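Laboratory data are not the source of any read-out in this text; all were calculated from the coordinates shown. No experiment lies behind these values; they were computed from the predicted model shown.
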Amino acid sequence: MEGYCVKCKSKREMKDAKEVKLKNGKPAVSGTCSSCGTKMFKIGAAK
């Protein structure tokens, strides 16, 4: 899963990605950046 890393300021591969649900019921994906280890978050279902 690919997402935007705020620390690296570029799109990076998400490590340890897991699907979560927001309070309003929408799907999202949470994980960590593969290069710097910062938490990443992407709204939308995993493909």
Residues in the range 18-39 that are outside any strand (DSSP E or B) and either within 11 Å of the chain's Cα centre (by Cα) or of a type in the set (S, T, N, Q) (or both): how many? 4
Suppose we filter 42, 15 for residues that are charged (D, E, K, R) and within 8 Å of the chain's Cα centre (by Cα); which single one remains? 42
